[in-house]
Amino acid sequence: MKRCYVVITCLCALLLCGCGQRYDAVLTDIDSLIDVNADSALVQLRKMDCPSSRSDRMYYYLLLADASNKCYDTLPSDSIMHLVADFYDAHGTANEQVRAHYLLGCVYRDMGEAPQALDCYHTAVSCADTTARDCNYRLLMSVYGQMATLFHRQNLPQDEVWALKQCRYCCLELGDTIGEIRSQEIMTKAYFLIGDTDKVIETILETQRKYKESGNTQLAASANGTLAYILLSRNHIDKAKILLDEFEKHSGMFDKRGNIAKGREAYYYIKGSYYIKTNQLDSAEHYMRRLLNRGHETDAYRGLLAVYQQKKNTDSIIKYARLYEDAVDTLNNRKRTEVVGQMSSMYNYQRFQQIADKEARNAERARYNSIVILLCSLFLIITLSYIYIRFRKKKNQRIMQLSQDYRQSLLDYNKVSAELEKIKEKDTTLLNDKQNEVESLKVRIASFQKRLQSANSNQQLTDFKDSKVVALFKSKSTGSLKATLPTDAEWTRLVKQFSRSIPSVYTALGRDVLLSSTELRLCILLLLGFKIGDAAILLNTSAQSITNIRCKANQKLFNESTASTLEKNLTSILGRV
């Protein structure tokens, strides 16, 4: 039965070793290159052949997706990334799981499947272990940033604010002051969607204060355009003028000709609105036309309509009213198209949820099967334990019976010996019979002694093998504590347990000769059934040294100058002592 336990333990150890990930060194080097030079990493990955081992293949696709995402290139298919995510769910660390699900979400993002992308991002953040020292907060910051972008596109401002707050927390953990302020500044977009302009003003003023404290006046000034727009809508024209001047002077967004950077052309509408408020209509028209030339038709036509309304130019009012109406219709049609796309995504998401629910039912069924298997295993263990206890009980009963027979034979021997003394000089025939009976009893007693000693020695050896200190040594040789050498205190515990469990064998080993501590330790390990290689590990020596120690111990104990017969000789002691 113990051999069965040993075999099962070894198989489990092999399986656990087989689960270890041994990534190719080239992939590891590319991984370290992705954050520094993603383009170069992507080129190297595409030159490589796909690895053959499953762990390296999953790692390869993970790096390929990461590098492609950073280079705005096409990511691997969703089916491949699902396999990657499933693999790291089973075998990866928390950071690897976050990375896999984040990149799967990026695949869905590029496919236009926003709900699935958000579901993957939620799964990614749920995999993160923020209590661990190696938690990848930079990766988490990217996840929350992507979530905030998708929430903004889906017109979910409250959720966008939540994602940006989480992003701020990650920046704080990284010590990224500018990133933390920037995350807070972006919240103004969500507050605009909500219609809370007071919160917009409060947030802008707070972020500007933080920018100035960190010494970044340029970023502080970059938010003045939005703040000026709100103040103009509230007719705080003088304050708005101060903000606009600071924006143009310190934001760093204008070239030498006064043109604003690409993507920030909406500022021309704010500037034109200021000139409308101050009745500088020619300047206002100039900025609205610059806005029109940059492709912002709706805001440009609305601004020009306001200019000509103030000029009271009826023909231009009619013209730009129609143009503004057409631009608004075009914008509404575009938004309706986006809503239809979002609804389509939601439909696909419902289909995706149905598939997920099916998988959940399959998982529940697998859980039920696991419980049944567990109960069957428990029943089997209880049954085997009961059989083992009965076996031990019967064995003890046999030993007790042997002891009783032995004592009875001794009584019979003493009785016959006494009778023999009385009739030695009286009856020769009866004397011979009694002598024969005495010899027979001697043989029987010797047989009982041998059987009893053998039973006791085997039982003692079994009890010794079941002790905690022996289990500790087995773990240090082949189990979970492998490569951890026993201390002197643990060796002392083992020898003491040996002397208590099998005192007769312990005495026999040291009765006529003096074994060294190393020789005694080796003899104990061999009696316990340890292999030569395991004994070498525990004694922290080589196999050749073990052979020399065995030879010396065999010479001292049994007067044999070879190492090969030591184990057999040690086992024979159990039957003799």
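Quick one: which residue in TYR61, TYR121, TYR88 is of a type in the set (Ser, Thr, Tyr) and open to solvent by 20 Å² or more (accessible area, probe 1.4 Å)?
TYR61
Being more than 28 Å from CYS135 (Cβ to Cβ), in a helix (DSSP H, G or I), open to solvent by 10 Å² or more (accessible area, probe 1.4 Å) and out of contact with any Ser or Thr (no Cβ under 6 Å at 6 or more places or on another chain) narrows it down to one of LEU193, LEU172, so name that one.
Just a single option satisfies the conditions, and that option is LEU193.
Report whether or not SER273 is out of contact with any Lys or Arg (no Cβ under 9 Å at 6 or more places or on another chain) and open to solvent by 40 Å² or more (accessible area, probe 1.4 Å).
no
Against the condition farther than 28 Å from GLU160 by Cβ and assigned to a helix (DSSP H, G or I), how does MET58 come out, does it pass?
On the way: farther than 28 Å from GLU160 by Cβ: yes; assigned to a helix (DSSP H, G or I): yes.
Considered against the rule, which asks whether it is farther than 28 Å from GLU160 by Cβ and assigned to a helix (DSSP H, G or I), MET58 comes out as yes.
Out of (1) at pLDDT below 85; (2) farther than 28 Å from ASN216 by Cβ, what's the single condition that is false for LYS256?
In the conditions (1) at pLDDT below 85; (2) farther than 28 Å from ASN216 by Cβ, LYS256 misses (2) alone.
Mind checking which pairs have a first residue in the range 299-322 that is in a helix (DSSP H, G or I) and a second that is of a type in the set (Asp, Glu), Cβ under 6 Å, 6 or more apart or different chains?
Correct list of pairs: VAL307/GLU285.
Which residues, taken from the range 196-205, are assigned to a helix (DSSP H, G or I) and open to solvent by 20 Å² or more (accessible area, probe 1.4 Å)?
THR197, ASP198, LYS199, ILE201, GLU202, LEU205
Just to check your reading of the model, which residue among ALA94, ALA114, ALA65, ALA100 is under 28 Å from THR130 (Cβ atoms) and in contact with a Pro (Cβ under 7 Å, 6 or more places away or on another chain)?
ALA65
Is one or more of the residues making up the range 250-257 in contact (Cβ under 8 Å) with a residue 24 or more places away in the chain, of a type outside the set (A, V, I, L, M), in contact with a helix residue (DSSP H, G or I) (Cβ under 6 Å, 6 or more places away or on another chain) and open to solvent by less than 20 Å² (accessible area, probe 1.4 Å)?
At the first step, the residues of the range 250-257 found to be in contact (Cβ under 8 Å) with a residue 24 or more places away in the chain are 250-253.
Okay, now just the ones that are also of a type outside the set (A, V, I, L, M), so 250-252.
After this cut, where a residue has to be in contact with a helix residue (DSSP H, G or I) (Cβ under 6 Å, 6 or more places away or on another chain) as well, the list is 250-252.
Subsequent filtering for residues that are open to solvent by less than 20 Å² (accessible area, probe 1.4 Å) retains 251.
Within the range 250-257 (the criterion being in contact (Cβ under 8 Å) with a residue 24 or more places away in the chain, of a type outside the set (A, V, I, L, M), in contact with a helix residue (DSSP H, G or I) (Cβ under 6 Å, 6 or more places away or on another chain) and open to solvent by less than 20 Å² (accessible area, probe 1.4 Å)), the answer is yes, since at least one residue qualifies.
The values are calculated or read from the model by the stated rules, or taken from the named source; none is laboratory data. Note that the coordinates shown come from a computational prediction; the quantities given were computed from them, not determined experimentally. Note: ideal-geometry Cβ built from the backbone for every residue, glycine included; neighbour counts use all protein chains shown. Quick note on the areas: whole protein, heavy atoms, side chains included, nothing else; ligands and nucleic acids left out. Shrake-Rupley method; radii C 1.70, N 1.55, O 1.52, S 1.80 Å.
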